[in-house]
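Here is the structure we will look at.
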Amino acid sequence: MARNFVEIFEVGPRDGLQNEPRAISAAEKIALVDKLSEAGFRHIEVTSFVSPKAVPQMADGAEVLQGIIKADGVAYTALTPNMKGYEAAVAAGVDEIAIFASASEGFSQKNINCSIAESFERFAPILKAARHADIPVRGYVSCVTDCPYDGPVAPEAVAKVAADLFAAGCYEISLGDTLGKGTPDTVARMLLAVLKEVPAHRLAGHFHNTDGHAIANIDAALALGLRVFDTAIGGLGGCPFAPGAEGNVATEAVQEHVTALGYETGLCSETLEEAAAMARQMRQG
Ligand code: HMG
Ligand code: MG
């Protein structure tokens, strides 16, 4: 990988569309993923395999994953909270999966209905099965600066969960500012703690943009050596279990920003604009 390469990891079809109030058809989701596949991403997070009662917007995950036209060089990923989700994702042809933990107990309970420790018990068989099947596993840590239920989160708590996910075999740990309340200062303090446990090239920044700090937070993370950032096309979404949270920082905005800083992303800006227009259309219905 070139030294000045930044990977933009597209999560809009999952993190964006999981929170859109309008019912969006599988066909519309497939069309969006197919457009994104033309843009040059290495990873596209397509969907999640979670309880349809908890997140009805992702109930069609298998249909979407099976309906897309897979492009060479793109890994199509999905969230899997437990073995039921993992098995469904594999049956639908997923290339890579993600497990998701929280740095705060309050969000862990509300999001996945168990404690942080219990979530790792659920992840253990997934990690074992994925290792046997040669399926890469990414790990998320939510609430890396602030939790909607517990308030500010200690950097050491984030470092512990990140270290545990890394030790368990996740190839990359994505650090989620779920609420979008992080600032360059709180993000940098959190990262300095995490970097004692996990090297920068194994970390990703996942910034929601509620307070408009996401780009500044990316700059703080770039300064500390991170080179992978999760984004959502058109700035879609939020999190159903983090009231008030806005969508991820928009893919096209990050592309413009990091390109202006002199980084290469391998992405086609024109195709991103076309995909962003589709995303905006989906929002408006
Ligand atoms: P639970 O109630 O503890 O699980 O939920 P359970 O095993 O007792 O099962 C309860 C029901 O769910 C059963 O159905 C299961 O079959 C079903 P019932 O008998 O009641 O009809 N079920 C499933 N169905 C489909 N797929 C599955 C599955 N598992 C159980 N995989 C569970 C635990 C995790 C399942 C639930 O709490 C859940 O689905 N939560 C949704 C979590 C979620 O998707 N959150 C949003 C994504 S995370 C996020 O956005 C943050 C992130 O972006 C980073 C950041 O920004 O910080 C990643
Ligand atoms: Mg998120």
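Key figures
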| item | result |
| --- | --- |
| Inter-residue pairs, beta-carbon under 9 Å, first near ligand 1 (Cβ under 6 Å from one of its atoms) and in region 41-56, second assigned to a loop (DSSP other than H, G, I, E, B) and among the hydroxyl-bearing types (S, T, Y), 6+ apart | S48/T80; F49/T80; V50/T80 |
| Number of positions in region 85-101 that are open to solvent by less than 50 Å² (accessible area, probe 1.4 Å) and in a loop (DSSP other than H, G, I, E, B) | 3 |
| In region 223-245, residue modelled with the highest pLDDT [restricted to those that are within 16 Å of the chain's Cα centre (by Cα), surrounded by fewer than 24 Cβ atoms within 10 Å (Cβ to Cβ) and more than 17 Å from I8 (Cβ to Cβ)] | F241 |
| Residue match in region 207-222 (condition: over 27 Å from L267 (Cα atoms) and either of a type in the set (F, W, Y) or open to solvent by 50 Å² or more (accessible area, probe 1.4 Å) (or both)) | no |
| Residue ID - nearest to G40 (Cα to Cα), chosen from residues in region 93-128 that are free of Cβ contacts under 8 Å to residues at least 40 places away in the same chain and of a type in the set (G, A, S) | G93 |
| Residue check for K70: under 17 Å from R283 (Cβ atoms), away from ligand 1 (no atom under 14 Å from the Cβ) and open to solvent by 20 Å² or more (accessible area, probe 1.4 Å) | no |
| Tally, over region 195-214, of residues that are more than 14 Å from ligand 1 (Cβ to nearest atom) and closer than 20 Å to C147 by Cα | 3 |
| Where A260 falls short, out of the listed (1) touching a residue at least 24 places away in the same chain (Cβ under 8 Å); (2) open to solvent by 40 Å² or more (accessible area, probe 1.4 Å) | (1) |
| Region 141-160: number of residues that are surrounded by 17 or more Cβ atoms within 10 Å (Cβ to Cβ), more than 16 Å from ligand 2 (Cβ to nearest atom) and small (G, A, S) | 2 |
| Residue match in region 201-215 (condition: over 14 Å from the mean Cα position of the chain (by Cα), away from ligand 2 (no atom under 14 Å from the Cβ) and aliphatic (A, V, I, L, M)) | yes |
| Extreme residue, most open to solvent (accessible area, probe 1.4 Å), among residues of region 124-140 that are within 14 Å of ligand 1 (Cβ to nearest atom) and part of a helix (DSSP H, G or I) | P125 |
| Some residue of region 166-175 being within 14 Å of ligand 1 (Cβ to nearest atom), out of contact with any Leu (no Cβ under 9 Å at 6 or more places or on another chain), of a type in the set (D, E, K, R) and at pLDDT 95 or above | no |
| First in region 8-30 and touching a residue at least 12 places away in the same chain (Cβ under 8 Å) and under 15 Å from G244 (Cα atoms), second anywhere and hydroxyl-bearing (S, T, Y) and within 12 Å of ligand 1 (Cβ to nearest atom), Cβ under 8 Å, 6 or more apart | Q18/S48 |
| Residues located in region 105-123, provided they are open to solvent by 60 Å² or more (accessible area, probe 1.4 Å) and within 13 Å of ligand 1 (Cβ to nearest atom) | Q109, K110, N113, E118, E121, R122 |
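One line per residue, one yes/no per condition, for (1) out of contact with any strand residue (DSSP E or B) (no Cβ under 6 Å at 6 or more places or on another chain); (2) assigned to a loop (DSSP other than H, G, I, E, B); (3) not hydrophobic (A, V, I, L, M, F, W, C):
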position: L17; (1), (2), (3): yes, no, no
position: A31; (1), (2), (3): yes, no, no
position: V46; (1), (2), (3): no, no, no
position: V50; (1), (2), (3): yes, yes, no
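Here is a yes/no grid of residues against (1) among the hydroxyl-bearing types (S, T, Y); (2) crowded, with 24+ Cβ neighbours inside 10 Å; (3) more than 16 Å from ligand 2 (Cβ to nearest atom):
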| residue | (1), (2), (3) |
| --- | --- |
| L17 | no, yes, no |
| P21 | no, no, yes |
| H43 | no, no, no |
| T47 | yes, yes, no |
| D60 | no, no, yes |
| M83 | no, no, yes |
| A103 | no, yes, no |
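Residue-wise test of (1) in contact with a Lys or Arg (Cβ under 7 Å, 6 or more places away or on another chain); (2) among the β-branched types (V, I, T); (3) over 19 Å from C268 (Cα atoms).
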{"site": "F5", "(1), (2), (3)": "yes, no, no"}
{"site": "F9", "(1), (2), (3)": "no, no, no"}
{"site": "R14", "(1), (2), (3)": "no, no, yes"}
{"site": "V33", "(1), (2), (3)": "no, yes, no"}
{"site": "S37", "(1), (2), (3)": "no, no, no"}
{"site": "V46", "(1), (2), (3)": "yes, yes, yes"}
{"site": "A71", "(1), (2), (3)": "no, no, no"}
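The values are calculated or read from the model by the stated rules, or taken from the named source; none is laboratory data. Just so we're clear, the structure is a prediction, and the values are computed from it rather than from any experiment. Note that each Cβ is placed from the backbone with ideal geometry, even for glycine, and that neighbours are counted across all protein chains shown. Side chains are part of the model used for accessible areas, which takes the heavy atoms of the whole protein and leaves out ligands, DNA and RNA. Shrake-Rupley method; radii C 1.70, N 1.55, O 1.52, S 1.80 Å.
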